[in-house]
Structures are given as C-alpha cells and as structure tokens.
Amino acid sequence: MADAPKTKIEVGLAGKTTVMEVEIPAGDPPPYKVGERPVTGKRRPRLDGPQMVTGRAVYTHDARRPGMLHARILRSPHAHAKIVSIDASQAERMPGVIFENPGKDTVRYHGEAVLALAAPTRAAAEDALRAVKVVYDVLPHTVSLAAARKEGAPLVFQKPVEEKRSAGDVPGAAASVEQKGNVRGPKASGRGDVDKGFAEADGTLEVVTTTTVQTHVPLETHALFAEWVGETLEVQASTQGTFSVRDELAGVLKLPKDKVIVRAEFTGGGFGAKFGAGDYGVFAAKLAKKAGKPVLMALDRKEEHLAAGNRPDSWNRVKLGYKNDGTVTAVDYESFGSAGVATGTGTGGFVKSAYGFPAVRVAESDVFTHLGPGCAMRAPGHPQGCFAVETALETLADKLGMDPLALRLKNDPSEVRRAEWEIGAKEIGWSRRAEISKSNAAATAAGSPLRRGLGCAAAVWYTFVAPGSQVIVRIHRDGSVEAENGVQDIGGGVRTPIAMVVAEELGLPVARVNVKIGDSRYPFGPASGGSVTIGSLIPAVRAAAVHAREKLLAVAQKLLGVPAGEIALANGVFSAKGKSADFRKVCSRLPGETLVATGDRAKDYDGADTRIFGAQFAEVVVDVETGVVGVKKVVAVHDCGQPVWKTGVESQIRGGILQGISYALFEERVVDERSGRVLNPNVEFYKILGSKDTPEIVPILVDFYPGKNNAHARGIGEPATVPTAAAVANAVAHATGIRPTALPITPARILDALGTVPKREVKA
Amino acid sequence: MKNFERVQPRSWDEAASALAAALKSGKSAEAKGAGTELLDRLKEYNLAPDQVVDLRRLSSHNSILRNSSGGISIGALVTLSAVASGLRKDLPALADACEGAATPQIRNAATLAGNLCQRPRCWYFRSSEFQCLKKGGVECLAKSGENEFHAVFGNNTCAIVHPSAAGVALVALNARIETLAPGGGRTFAAADFFVRPEVDIFAENALKPGELVVDIHVDRLEGVRSAYRKIKQKQAFDWPLADAAVVWRETGGVARDVRIVIGSAAPVPWRAKAAEALVEGKRIDAALAAKAGEAALEGATPLGKNAYKLPMVAAVVRRTLLASAGLPDGTEEHR
C-alpha cells in the first residue's frame, strides 16, 4: 500500500509552534490553522441557560405521565447479612403495589438493594416499603481500609472478583490480579530502571498520604423513567451516557438495540457515577413491564450517598530517590484503596504521567470492605495520586531548602506545563512567598491567629477518544439548520459548543443552529466520562458542518455562476466577485427538501503528546487557634487544546476547583465501625463547600494547538480538579509549617498537628 | 413519611386545645412552626405523628414588641431573619446567633420558638436505623462511636449538643420563655427551659406534652454589652463546632453580672461559670479574655474524637469577650 499523503500542520504553544507532518484521514477537513477561528474559542452565553434557570428544562426527576407509578428500593440496614426471609404479604395488599424481587440471599453493604416496588404515589411506595418485613441474619463486617487489610478480617467476597469497568474509567485499568483475603493486588506497572535510579540518588525520602471517600452528590440524584410502548422500552435517564444506558438495558432485558429508546436531554450532574442503567434503572424497566404503566425511579439523597457510587479512599506511600539539586531519579509508589464492594482504586496514574521522573514503579491494590461500591469519579485516582506525589515533592523541597516551584521545574520537561507554571506564578504573586513567610513568623511571635500561605500543584490528564461518534447536520429549504447527535448534556452545556462549530463553518449566528441531543435515535455520541465529550464530538461536528458547507457551496455555485472555491460564506451571505446571495436564498435552491451532511470522528493524528497538563496555585488563610482554613484565591492555568466555548471551559475549571477545595477541606463519609453504617448520608453532615467558602478563581487558558484532530479539541472536566486539593494542602503547609498528609484537612487535624489538642480529659 | 392529619387552629388557645385533645384521645400530635426541622424528622420516620397542628398562620405572637420599660418581647413565630434584622442594636448577641444560623432560605422561614425546640442533630438520634438512649435504647452510641461533633461538657449520659444558637444567646441574656397550655402557661428562665439528659433523656426542654412557647422576653439592662461568635468548619451552612454568647453590664469601666454561655459543646447551652467568675468585676482586655477562654474549659470531658473542640471553645470564648468589649481579636482581616 502506498504511503498516504502527509499534511504539514502547526502544533504547540502559539508563538512557539513547530511544523508536524500528519496523515489527515480521508474525508476529514484539515485542522484549524493558528489564529483561524472567528466564532469558536470565544465567550458567549449558554444557549440553554434560560431554559434551565426558568425550570423549562425537563430533567428525569420531572418526568410525569397520567397513571404512572413511583418506584422505591428496599435497602439493607446492615453492612453484612444473610437474608433469611422476606414477608411482603402486607405490602402486597396495598392498592396498586407491584414488586420486583431479585431473590438475593446476602447483602454486603449498608444500603444494598434487597428488592424494589412501585406504587401509585411516592408516599404509597414509601409506606409499602415499610410494610415489607425482612429477617436478616447479621454477619461480621469490616468497614475500614486498615482493618479490612488485616489477616482474619471478615471476608467481603469468598471468591475472586473480576474488575468491572465503566466508560469513566481510565482505559487499561481492568486486569486479572491476585486476591488474598480482602486485598486484590498488587497490580504492578511503571517504567524505567527504578533500582538504578535509587542507586544514583544522593538521598531518599518517603511520605505516606491518605484520602477519604468522596461521594459524587450530583444535584439530581440517579433516576430513570421507563415506559413500554408496545414492545419498545422508552426511557428517560439522568445519565452521562445515552448509549451506555441503551446498551445496558438492551443487554439485561435481551432486547435488540432498536427496541430501546433512551432520552437524556438534561442531566443534573454525574461526575462519573451515572454511566449505565444501574440496578435502579433495570428495576424501573421491569416494574414498568409488569405494571403495564410508566414507572419513575428516583433515588433519594440517602440512597445516593450509600449505593450510587463514590471516589474510593486511599493510602499512598511515595518513596523518592533524588539528587541534591532537586532532580528526582526514581519513585517507588504503592497504593491501597477501598471501593467498598467494587474495584478500581489505583492512584498511580499521576506519578507515572505528570512529571518527567525517569523511573517509576507502581503497585496498586484494591481492598474490599462492606461498603457501597465506588466507581469512576472525576479524574479517577488522580486527585489522590496528585496529593501523594505533590506532598512528596514539597517534602523534598523543604528538605533541600528549595523553592517548591523551582523543584518542580527541575522535574517537569513539558513545555506546555512550564509555560503554565510561569503564568500562574505571576498571577498568584509567587514572588511574595518569602515575604508571606516573614509575616507569618511575625504573627506567631505576636500571638496573632491568622497565617497566610501559597501552594501549587500540577494537573495531568489524557486525551481519550470515544470512537464512532457521528454528527448529522440538516439544512432545510427555509434556511433552518439542525445538528444532531445522541450525546447527553451532564451540565457542561454541550449544545453551545456544537452550535458554535456549526455556526462558524456556515457563517451563521450561533443561535440559528438548532442543536438536538440526548436521544439514542440520533447518531452515536460519546458517554461523558474521561473528559472525552468535546474531543470526541467536536471534530465530527466540524466535519459534518464542513461537508454541509461544501454542499451549500455547490448550490451557490449554480446560483452565482462562480466556482465554489471562490465563494466566501460569512455573516449569512455567500459572496464572490461582487455577486452575492443570502443564506436562505441558497437554501431555497436545495435539490432536495433537506440537505443532509454527516461527519464522522476520524481517528487521531499520530505524533503529538496525548497528555493534558495544567498548573494550579492556591492562596489560603489558616486560623491556627481554630484550625479553620479559608481559601482566598485559586489561579488555574490549563491547556484545553483550542477551547471551543470559552465560557464553558472556564466554568468547568471553576467547578473542578470548587469540587477540589471541597475535597481538600470538607468532604468525608463517616462510618460507624460498630454497625458498619454510614452516619452522614445527607448534605448536612457530609459537608460540601458552599458560596461563602468559594474563593476568587482565575482561570487562564494557554493558547495551544495539540494537533490531534481537525479542531484541536480537548476536554477539561477532569484536569481541572486534579491538582486543587494538593495545591490547597501545600498552601496550608506554607501557612502553618505543618504538612497535611491526610484529606480532608479538618480543623481537628490542624489543631492536632499544631499540638494544641489536649491528649485526654481536661482536669476539672 | 407517615400520613398525618393537618390541623389548622384559628387561635393559640385552639392550638393548645387541639394538642390536648389529641393527647387525651391517645393520638400523637406535633406542633409546627415553619416546619423546617419537623420535615426532616418526618421524612426519616424519626417522628410519625397522627396530627400536625400548624401554628404558622396564627395572627399573634408573630412580632417583636417593646414595652414601656424598654423590655423586648419576641413572639414565638418571629423568623430568625426578623430577629437578626430587628434586634441588631438592642440584642447583638441574639441577632448574631440568628443571623449565622442555617441558610438564608431557612432563616426566612424558621421561627425563634422552633429553633429553641428543635431536636438534636446527633446522627445516631436522627437515623431510624439506630436505637440510641434517647429513643429507648440501652446506651448512648456516640460516646463509644463517632463523636467528633458531640458534647465535650455534661456528656456523661448522652453526648448530644443542643443545636440552638439562639438558645445560647438567650441563656446569656437571661431571657424568659413564656408558654401556653390548657391548664395555664408558665414562664421559665431560659437556663431552666433547657434540661440535661439526666433530667429527661427523651427531651431537651422542660415543655410538657402539648405545651407551647408563645413569647421570649428580654428585660432592658442599663449599660448591657453582648456578643455572639461561632467557629464553623465551612462558612456556608454548617453547624458550629463551637460558639459562645457573652453578656455583661459595664459599670465604672468594669464588667458586672458577667454571663458566658458556650454552645455546640453540651446537651444544653453551657454556662462557663469559672470564666464568668474570672471576668466579673474586671476590665476586659486581651490578656483577661485569653485567661477566660482557658477557664471556660473547666470541667470538660472530651470523648474519643472531639478533644479538638477544646482549643476552639477557648478561642471562641476569648473572641466573644473581646467582641463584647469592642476590642479586636486578630481575625478581622479574614472576615
């Protein structure tokens, strides 16, 4: 086969681009050239914002039909128990109550589903739940990472467990590994010669960090509305994956894919927990079939905390080999984490990818506990791993007496990230650091309670692409334009960038493009996990729009009598050589009633780095008398390829930072060891950052051309939250001189580290 | 929640009669103000009354009145935000306690009487899955369990903390709480309104079944100074980890009739009597405030996971004293 033709494109940071030869797949437009984007890349209001804030956007929780039923799930109050018997006779006598009992014999966590039922109202379903009598034989449980690792701990599973993966997990995470007791692992990975790296080191240091379980807490809890229309199952789902819900329902219910229709126009957040149909969704579909009526299953906040997923906790050991100039020569990294009854707790991704460490050895183990299943959560493993590695680097900087940023630059070969460190340092005022240290010392001398600190940390994520995305652009004879893809909007606002890309190619105002999403009858779109949505979808949108434009130009060529190649299309007007025709006029001459153009997501070009970088800086104030931490400012410098909709990208960054601060300071699932029950499955004592805890946030995007696809499109959802907690922790360390090694950084932990907490009872 | 009958009385007397009638006929009945706290417990089946008697729309005891001698009477149905905005000059300690509670939405609805009568937030008490001492169980589960948000004083029987910030301020202000019941109402000193678990494990106040709070009275004191401060982990909607109210009279440049009350630290608003004694008759300055903060820890009995609250109690007492004297506490820059 002859070599495919190569095209020269400019890649890299604007102002420092280099030329790379790439093979552009047949039918795909060439990538945007540097500087060539009149519409995309700008800020603008969100197209569906008015619908959302006026309550006209219909979420799954809003689904209503005459005669519909409301479903609820009976959940285990025990961490581990045999189900001895279920007596539903009383509930069965209640009007309109139907059951779906999967016939489980064991429950392994507080909140595990035992059976589901549906009733004419939510209150009636609640009454019916309470009328079902379950006899449990309570078994011993283990609910902490440390206890579950010990020999003799009650076993969560008697047999080896295979890892289940969801669309939000890092590809390649699943593997068959050894399982002993409750520990599944270690899973080994890495690169370079670690032994050689340690042999060449001037010294070594080791830190251990821990993080706690974080739950996703989307505003809209998991929900699925199911309705059978003949033999077809029609579903509305609060999901991150229109098509993953369809595929799971088709698989479980043994239906062909064309007999399952899933709609997901608006989803109230997901953060990684909402990919499949879930047991709750399957219950809804089965109950709807049984009843012959539509069924809404919407979890309550307690169920959401207990059974709908979480970010696993972690224990991480980082051993660094280093040169006295701050260069890291080798890293030995070990992690244990518990996803409850699930797998996938590894935190080693960051240490392997974020910096230029020459040799890295990673061993990751899952530890089973009798707690609700963890699942993908915004940058799985990475905030944990970032906190571990950045804590180790700062500890090294302290040891060597180096500026922590200078130490990072010693170990960071990425041109993009080096630019980000520089921009961020300037914006936060990193040069004030020494002066701040001085005034902290003065405050200590004066007995004044407040200390200030600056900290930073690196982000890393990856360009994953969900293959198979396809977009249809339809143009009608009246000049109206539609763009179709089945992708869901999980809150990021994907309609707006789709419209912007189409508008740019067709020379139209953005609001003229009617974006139709969230329906499995439209062409395939990616599940929103792994920050893949924009990178997977936008090149297909652009291809479809370019193809539509080419077809319109052919019509315009006939109309204007000028070769298509010489016709310009801008501001709704086709023009060439003094002749012009407006958009509608050209459309009125379409050969068919509708012009249909499709665009496929072509495969990525080979060559460029697939990593997404980022650097964040935090400024904090710590009250050393109370241990209360306030974050004053976060500067977040990120690369996101060529952003399509800047407002949306900045909003994602802000959201990632808020979630990161909340993880750093507040969020903590509390479990009662004795009963194995979660004590705070609510948003009262599961603390989440609020408005008064929100700092000034400065998102800054570097102008970067990654050169992987026709739009230089990349995601931002995950990289934006990776470094925040670590940056806050490092700022706390600067402020107080105490190195936080456990998240969240609670007042109790700070006061304890400061030595102001009395060890035992205070004498009367 | 269980279905219940909603009773809408036309007067307070009718409300009291309705509650008495329900009790007499063996039905369970609960009085409801705004219902912000009641709803939580109904949803968790922490409470499953047959009847809910709605006081919210009654047209009396819903405003703040000033009498001829300068005393203030706050109707039971006055919202927390109305207390905060209406009494900032008169009673800064109470205004600040109400101002910082819960969220703006809650403060705009929740009533002062409801705030005083709310049940504890202890997670063992609130969850229907636990049978704690307060619910007829055999032990306080918090004492040997997860007690990071629990009591560091007076926790021998049950380790709840009383959740009312307004109560802390009212005990410090030596307010009186007036009630209504079919047999005749009573007036309590605020400190006697709240009862310790040793007195009644099933309730946190001295109200009899069916008895209703109707007014909260605060007398005018010449030269009175007051302040309320709290320490929270989160600055948006969070329960305090420690809070305090301080009230004293300025006489000849020194503090008299000093009352220092600590909140979020005991099953009732907790008088820090050693600290009061230390401050009594002295001029408040930074050194005295710091000593008083330490003295406020006298008698503390922290549990396994809440000793961290002690430095917070010391800090909040120190800061509240300084605030009451109009002195800086070193945290101004942060606020």
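Worth a mention:
- The one condition from (1) within 19 Å of the chain's Cα centre (by Cα); (2) at the interface with chain B (Cβ under 10 Å from one of its Cβ atoms) that A:A726 does not meet is (2).
For every residue, the table says whether it meets (1) under 18 Å from A:E504 (Cβ atoms); (2) part of a loop (DSSP other than H, G, I, E, B).
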position	(1), (2)
A:F574	yes, no
A:L595	yes, no
A:A602	no, yes
A:D606	no, yes
A:D609	no, yes
A:E619	no, no
A:K632	no, no
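- If the condition is being among the basic types (K, R) and in contact with a helix residue (DSSP H, G or I) (Cβ under 6 Å, 6 or more places away or on another chain), then region A:435-490 contributes A:R451, A:R452, A:R477.
- Options A:L689, A:L679: the member that is surrounded by 23 or more Cβ atoms within 10 Å (Cβ to Cβ) and either more than 10 Å from chain B (Cβ to nearest Cβ) or under 30 Å from B:C140 (Cα atoms) (or both): A:L679
- Taken over region B:12-31, the criterion of being within 25 Å of B:I106 (Cα to Cα) and either touching a residue at least 60 places away in the same chain (Cβ under 8 Å) or in a loop (DSSP other than H, G, I, E, B) (or both) is satisfied by B:W12, B:A15, B:A29, B:A31.
- Residue within region A:739-761 that is assigned to a loop (DSSP other than H, G, I, E, B), away from chain B (no Cβ under 14 Å) and of a type in the set (A, V, I, L, M, F, W, C) present: no
- Pairs with Cβ under 7 Å, 6+ apart, first in region A:195-217 and at pLDDT below 95, second not aromatic (F, W, Y): none
- Residue list for region A:357-395, restricted to those being surrounded by fewer than 23 Cβ atoms within 10 Å (Cβ to Cβ) and in a helix (DSSP H, G or I): A:T395
- If you filter region A:51-86 down to residues that are within 14 Å of chain B (Cβ to nearest Cβ) and basic (K, R), you find that the one that is surrounded by the fewest Cβ atoms within 10 Å (Cβ to Cβ) is A:R75.
- Filtered by the rule that a residue be of a type outside the set (V, I, T) and within 13 Å of A:F357 (Cα to Cα), region A:180-195 gives A:G190, A:R191, A:G192, A:D193.
- Residues that are among the basic types (K, R) and under 18 Å from A:G660 (Cα atoms) within region A:299-318 comprise just one, A:R311.
- Selection status of B:L303, of a type in the set (A, V, I, L, M, F, W, C), surrounded by fewer than 24 Cβ atoms within 10 Å (Cβ to Cβ) and in contact (Cβ under 8 Å) with a residue 60 or more places away in the chain: yes
- Subset of region A:63-81 (residues that are assigned to a strand (DSSP E or B) and touching a Phe, Trp or Tyr at 6+ places or on another chain (Cβ under 7 Å)): A:A71, A:I73, A:A81
- Matching residues in region B:139-161 - criterion: being farther than 17 Å from A:D672 by Cα and either within 13 Å of chain A (Cβ to nearest Cβ) or among the aliphatic types (A, V, I, L, M) (or both): B:A151, B:V152, B:F153, B:G154, B:N155, B:N156, B:V161
- Test: residue in region B:225-243 that is closer than 26 Å to B:L47 by Cβ, touching a helix residue (DSSP H, G or I) at 6+ places or on another chain (Cβ under 9 Å) and surrounded by fewer than 18 Cβ atoms within 10 Å (Cβ to Cβ): no
- Taking every residue in region A:712-737 that is buried (at least 24 other Cβ atoms within 10 Å of the Cβ) and pairing it with any residue that is part of a loop (DSSP other than H, G, I, E, B) and polar (S, T, N, Q), at least 6 positions away or on another chain, the pairs with Cβ-Cβ distances below 6 Å are A:H712/A:Q642; A:R714/A:T463; A:G715/A:S531; A:G717/A:S531; A:E718/A:S531.
- Residues that are in a helix (DSSP H, G or I) and touching a Pro at 6+ places or on another chain (Cβ under 8 Å) within region A:658-688 comprise A:G660, A:I661, A:Y663, A:A664, A:L665, listed in sequence order.
- Where A:F666 falls short, out of the listed (1) farther than 30 Å from A:A339 by Cα; (2) within 7 Å of chain B (Cβ to nearest Cβ): (1)
- Checking each residue in region A:119-159 for being crowded, with 18+ Cβ neighbours inside 10 Å, farther than 24 Å from A:G103 by Cβ and more than 14 Å from chain B (Cβ to nearest Cβ) picks out A:T142, A:L145, A:A148, A:R149, A:A153.
- Residue that is assigned to a loop (DSSP other than H, G, I, E, B), in contact with a strand residue (DSSP E or B) (Cβ under 6 Å, 6 or more places away or on another chain) and at pLDDT 95 or above, where the choices are B:F149, B:F153: B:F153
- Within region B:180-215, restricting attention to residues that are in contact with a Gly (Cβ under 8 Å, 6 or more places away or on another chain) and part of a strand (DSSP E or B), the residue that is farthest from B:T79 (Cα to Cα) is B:F194.
Each row is one residue, and each column tells you yes or no for (1) over 20 Å from the mean Cα position of the chain (by Cα); (2) surrounded by 18 or more Cβ atoms within 10 Å (Cβ to Cβ); (3) of a type outside the set (V, I, T); (4) under 22 Å from B:N62 (Cβ atoms).
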{"residue": "B:L87", "(1), (2), (3), (4)": "no, yes, yes, yes"}
{"residue": "B:P92", "(1), (2), (3), (4)": "no, yes, yes, no"}
{"residue": "B:A102", "(1), (2), (3), (4)": "no, yes, yes, yes"}
{"residue": "B:Q118", "(1), (2), (3), (4)": "no, yes, yes, yes"}
{"residue": "B:C122", "(1), (2), (3), (4)": "no, yes, yes, no"}
{"residue": "B:F125", "(1), (2), (3), (4)": "no, yes, yes, no"}
{"residue": "B:K135", "(1), (2), (3), (4)": "yes, no, yes, no"}
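- Looking across region A:345-356, the residues that are surrounded by fewer than 24 Cβ atoms within 10 Å (Cβ to Cβ) and in a loop (DSSP other than H, G, I, E, B) come down to A:Y355, A:G356.
- Filtered by the rule that a residue be in contact with a helix residue (DSSP H, G or I) (Cβ under 8 Å, 6 or more places away or on another chain) and either surrounded by fewer than 23 Cβ atoms within 10 Å (Cβ to Cβ) or not in a strand (DSSP E or B) (or both), region A:636-646 gives A:D639, A:C640, A:P643, A:V644.
- Elements of type helices (runs of 4 or more DSSP H) in region B:38-146, at least 3 residues being touching a Phe, Trp or Tyr at 6+ places or on another chain (Cβ under 9 Å) and in contact (Cβ under 8 Å) with a residue 24 or more places away in the chain: B:92-99
- Helices (runs of 4 or more DSSP H) completely within region B:222-325 that count 1 or more residues being within 25 Å of B:N205 (Cα to Cα) and more than 8 Å from chain A (Cβ to nearest Cβ): B:273-279, B:309-324
- Test: residue in region B:238-247 that is touching a residue at least 24 places away in the same chain (Cβ under 8 Å), of a type outside the set (A, V, I, L, M, F, W, C) and assigned by TED's automatic domain parsing to the domain that holds B:V316: yes
The values are calculated or read from the model by the stated rules, or taken from the named source; none is laboratory data. Here the structure is a predicted model, which means the values were calculated and not measured. A quick note on method: Cβ atoms are made from the backbone with ideal geometry, for glycine too, and the neighbour counts reach across all protein chains shown.
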